[in-house]
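First up is the structure itself, then whatever we jot down about it.
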Amino acid sequence: MKVWHFSEMAYPQAWDTGYEMGTFRVNVPNSHYDPKLGADIYHRHYDEFQLCDELGINIMLNEHHSTLTCLNPAITVSASILARITKNVRLLLLGNPIANRPDPVRVAEEMAMIDVISHGRLEMGLVKGAPYEIAPANMNPVRLMDRFWEAHDLILKAMSTHDGPFSWESEHYHYRQVNIWPRPWQSPHPPVWITALSPHSGRAIAERRHVAAALLSGGIASGMFNAYRERAAEQGWAAPNDRFAYCALVGVGNTEEEGRRRADKVAGYVRTSPIVAEPFKNPPGYNPTPVNVAALKTGPTQSVARVQTKDGRTVDPTKATVQEFMDARTVFAGTPDQVFEQIKTFNQEVGGFGNLIIMGQGGTLSYDETRANLQLFADEVMPRLGDLKMPENPYGEQAERNASAAQ
Amino acid sequence: MALTVERIEVAGVSVDLATMGAGPPLLFLHGGFGLAGHEACLEKLAESFQVFAPTLPGFGHSDLPRSYSTVDDLAYFGLDLAAHLNLKNAVLVGACFGGWVAAEMAIRSTSRFGQLVLIDALGVKFGDRLTRDITDIHALYQADIAKALYADPTRGQRDAASMSDEGLTAMVRDSEALVLFGWKPYLHNPKLTNWLHRVDIPALVLWGEQDGMVSTDYGRKYAAAIPGARFESVGDAGHYPSLEQPDAVAGHISAFAGANT
């Protein structure tokens with residue numbers, strides 16, 4: 001199992017304002033941001049990522065816009081810096097919200113540069129983006145996924161075409177001379193990751209054999225991974241576990257109390273992240289029509305999406321305790337032994353997954369605490385993950401049958 | 001009150017069409033929230049006109065062809081519909097978003113129309129680049145949207161809990177269609193103002209005095225951009241005068257059409 005560390009680079013210094021305004025995104029004026037503090041925050045997180053490079057923990061970055069929960073609105077900027085200042089680990093961008101980007105060829109150029117600068121360490125996440133990213137991007141939420149898949153196809157074609165230029169004239173994008181320099185280090189292109197919530201999306205990702213990532217909610221992961229495995233088998237291949245990723249908040253300590261205390265601070269991320277002004281939560285067209293019909297029937301929209309625990313309870317993530325987050329598999333916390341056991345159990349529950357993304361920093365967890373958290377995880381938990389017993393793929397036989405039938 | 005609706009196919013698109021009344025033809029194009037709430041006005045108009053009220057492609061239960069993505073598509077659809085119905089010398093009425101569609105139709109062809117009536121119509125821009133003419137309702141809380149749209153916000157209330165799945169689906173599809181056609185540029189076509197001079201039939205621009213979506217000042221400028229257009233306002237009405245003051249709106253339209261035939 002590969003391990004990745006992720007931090008959104010939050011700005012807790014302005015969180016009081018976020019709570020006062022009832023929103024952490026889109027419409028909090030940036031007068032509440034101090035660039036001098038902001039500079040320290042960037043350097044601190046880049047230092048943490050450099051520690052990951054030494055510890056052998058791979059790195060994940062994400063981007064959000066107009067928000068005090070993530071100061072990384074241009075994912076390529078941070079990725080470029082890390083491509084240069086790290087040497088060993090892989091760099092996962094999860095991801096590039098390509099349906100919100102006006103120019104997919106530019107995305108291909110940026111990704112190719114980062115791949116080359118890092119000597120082929122790039123993992124290229126392409127994401128739909130959260131609903132509240134629509135307003136800052138001002139891209140049409142209707143038919144967003146059509147635009148997503150067209151951008152996806154164009155980016156991969158731009159990266160893998162070496163006898164260009166080629167032309168692209170389709171519904172959303174138009175180019176006459178696509179011929180990117182540099183081309184990526186990895187061939188035909190860096191591995192592609194996509195985040196997903198639904199089994200439907202799991203199937204779509206399986207059809208392209210990309211890595212499917214589930215974030216922060218154990219309930220999402222098993223259904224989505226299962227749908228992926230089933231779709232892969234229908235197409236005659238058995239999806240290996242390296243096609244699956246799960247991201248959880250992690251607090252590990254020398255005592256259970258210390259681990260939980262760290263997790264509690266990291267959880268500042270999940271407690272603030274869903275607080276968004278009502279108009280930007282769910283723009284028309286972002287979700288399918290029946291989903292919005294169902295939402296109207298349940299009355300006034302819940303202020304935030306609930307997280308579901310394994311035994312079916314729903315939890316308000318803005319107020320949840322560490323224990324509740326642990327019940328939802330959003331958090332793994334405790335001593336190294338306890339954290340390892342939680343990961344082991346979860347791995348069985350979801351049928352196996354090959355990539356564990358830990359949010360080892362979030363919310364108000366300090367630099368020193370973050371370093372201690374990462375160090376302890378790398379020393380005490382990570383070495384055991386390689387020997388994790390993986391469950392058998394229930395669709396393995398079906399995959400084999402379909403593969404031989406196709407021959 | 002429910003309208004009697006039939007399903008028709010125009011230019012390969014299957015849509016709902018409500019038809020009522022007798023008299024000279026009148027084509028009514030609904031606003032961003034569809035026909036719901038405007039029935040009383042249509043019934044009143046039906047006392048003087050044969051009223052045709054389609055549900056535009058993508059709205060309500062009308063089909064949305066994959067190829068449709070801009071108001072141009074709706075304008076050509078509207079012209080095809082007028083041909084399908086064999087309209088002659090009809091009154092073309094468009095409210096809110098439907099007013100934008102009506103204006104786009106009128107700059108293309110008025111051959112089947114005798115008069116144009118725009119009610120609190122969207123579609124044009126007059127302000128500079130930092131001045132928005134059209135309130136961004138997609139950045140407003142629900143309660144503030146009602147305040148922006150209605151002189152009396154209680155008039156626009158729809159109780160989702162008591163609606164059928166069919167009604168809710170129509171409501172959700174209305175909001176999606178409005179966004180598909182109007183997201184960027186926001187509910188206007190930057191080029192439309194340049195072409196309004198092509199409107200060569202008598203035009204009436206009718207405006208709710210308390211419209212918080214597009215001001216009466218915007219309405220007056222809209223009228224000024226259309227050769228010879230009249231501007232009239234409706235009291236105690238916001239963005240949807242045909243919902244809030246159905247009789248007054250029908251009266252304005254009848255008087256205008258009668259004076260311009």
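Any read-out appearing in this document is the output of simple, stated calculations on the displayed coordinates, not a laboratory observation. What you see is a predicted model; the values in this text were computed from it and never measured. Positions of Cβ are backbone-derived with ideal geometry, glycine not excepted, and every protein chain shown enters the neighbour counts.
Structure notes:
- Under 15 Å, Cβ to Cβ, from residue B:223 - net charge with Lys/Arg +1 and Asp/Glu -1: -3
- Spin-label model distance (nm) - residue A:234 vs residue A:39, 7 Å beyond Cα toward Cβ: 5.5 nm
- Phi-derived couplings, Karplus 6.51 cos²θ - 1.76 cosθ + 1.60 at θ = phi - 60°, listed residue by residue for the range A:80-93: 5, 4, 5, 4, 8, 8, 9, 10, 10, 8, 7, 10, 9, 9 Hz, with x used for Gly and Pro.
- Separation in nanometres of the label points that stand 7 Å from Cα toward Cβ, at residue A:106 and residue B:141: 3.6 nm
- Working from Cα pairs under 8 Å separated by at least six residues, relative contact order for the range B:5-259 is 21 percent.
- Cα-based shape type of the range B:5-259, given that a ≥ b ≥ c are square roots of the gyration tensor eigenvalues and the cut on a/c is 1.5: rounded
- Each Lys and Arg Cβ is given +1 and each Asp and Glu Cβ -1; about its Cα centre, the range B:5-259 then shows a dipole of about 840 debye.
- Check: the protein assembly as shown dipole with +1 on Lys, Arg Cβ and -1 on Asp, Glu Cβ, in debye: 1000 debye
- Rounded if a/c under 1.5, otherwise prolate or oblate - the range B:96-243, Cα gyration tensor axes: prolate
- The local environment of residue A:64, defined by Cβ-Cβ distances under 15 Å, has a net charge of +1 under the rule Lys, Arg +1 and Asp, Glu -1.
- Centroid-to-centroid, using Cα positions, the range A:226-251 and the range B:244-261 are 64 Å apart.
- Positive minus negative residues near residue A:145 (Lys, Arg vs Asp, Glu; Cβ under 15 Å): 0
- One quarter of the surface of the convex hull around the alpha-carbon atoms of the range B:212-261 equals 3.7 nm², the direction-averaged projected area.
- For the range B:5-259, the share of DSSP beta bridges that are antiparallel, to the nearest 5, is 30%.
- For the pair residue A:208 and residue A:405 in one chain, pulling the backbone fully straight at 0.36 nm per residue adds 68.9 nm over the alpha carbon distance.
- A cut-off of 5 Å between modelled amide H atoms, ignoring neighbours fewer than 5 places along the same chain, links residue B:234 with B:207, B:208, B:209.
- Centre separation in Å (Cα based) which lies between the range B:144-188 and the range B:76-131: 21 Å
- DSSP finds beta bridges in the protein assembly as shown, and of those with both partners inside it, around 25 percent are antiparallel.
- Top positive-direction residue, dipole computed over the range B:5-259 with Cβ charges, set B:11, B:234, B:224: B:224
- Considering only A:116, A:89, A:211, the mean-square fluctuation computed in a Gaussian network model of chain A, springs between alpha carbons under 10 angstrom, is largest for A:116.
- Charge dipole (debye, nearest 20) of the range B:83-208; +1 at Cβ of Lys and Arg, -1 at Cβ of Asp and Glu: 520 debye
- Amide H to amide H distances under 5 Å link residue A:63 with A:95, where only residues 5 or more positions off or on other chains count and H is placed in the peptide plane.
- Segment residue B:255-residue B:160, extension gain: residue separation times 0.36 nm, minus the distance between their alpha carbons: 30.5 nm
- Each part reduced to its alpha carbon centroid, the range A:321-390 and the range A:72-119 end up 26 Å apart.
- For the range B:5-259, lysine pairs separated by 8 or more sequence positions, or belonging to different chains, with Cα-Cα distances below 28 Å total 10.
- The translational diffusion coefficient of the range A:178-318, from Stokes-Einstein at 37 °C and 0.692 mPa s with a Kirkwood hydrodynamic radius over alpha carbon pairs, comes to 181 µm²/s.
- Anisotropy class of the range A:1-143 from Cα gyration tensor, a/c 1.5 cut: oblate
- Label-reachable residues, the range A:102-146, where backbone N falls under 16 Å from a point 7 Å from residue A:198's Cα toward its Cβ: A:128-131, A:141-146
- P(r) for chain A, from all Cα pairs and a bin width of 20 Å, is 26, 61, 12, 0 %, short bins first.
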